[in-house]
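Notes follow once the structure below has been shown.
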Amino acid sequence: MNVLIFSTNVAAQEQVNEVQPVLSAVSSIRDWNIDLEDCDKVLRVVSNDLSPRYIETLMKNAGFNCTELEY
């Protein structure tokens, strides 16, 4: 499993609720979460075969900024 890490502009639980159906619809995503307490509003995605660009595109299509973080 790979963990992809992104900085987002998701700032509230209501916005997490908007992202939930988008990310949950992707069968390749095993798990995901957004840390609203972190200054980067970090999105972590657990998957075997997704590219960071795909996640960034999904989030941008949902109306949110999303940029991969190096770790």
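If you place +1 on the Cβ of every Lys and Arg and -1 on the Cβ of every Asp and Glu, how big does the dipole about the Cα centre of the chain come out, in debye to the nearest 20?
220
Would you calculate the separation in nanometres between label points at residue 65 and residue 3, each defined as 7 Å from the Cα along the Cα-to-beta-carbon direction?
Each label point is offset 7 Å from its Cα along the Cβ direction, giving 2.4 nm.
What number, in percent, do you get for the relative contact order of the chain if the mean sequence gap of Cα pairs under 8 Å and at least 6 apart is divided by its residue count?
46
Using the Cα atoms as the points, what is the convex hull volume per residue of the stretch 2-68 in Å³?
With only Cα atoms used, the stretch 2-68 gives 70 Å³ per residue.
With θ taken as phi - 60° and the coefficients 6.51, -1.76 and 1.60, list the Karplus ³J(HN,Hα) couplings across the stretch 37-46 in order, rounded to whole Hz; mark glycine and proline as x.
7, 6, 5, 8, 6, 5, 9, 10, 10, 9
Here, each number is a calculation from the coordinates, and none is a lab measurement. Please read these numbers as outputs of a predicted model, since none were measured by experiment. Positions of Cβ are backbone-derived with ideal geometry, glycine not excepted, and every protein chain shown enters the neighbour counts.
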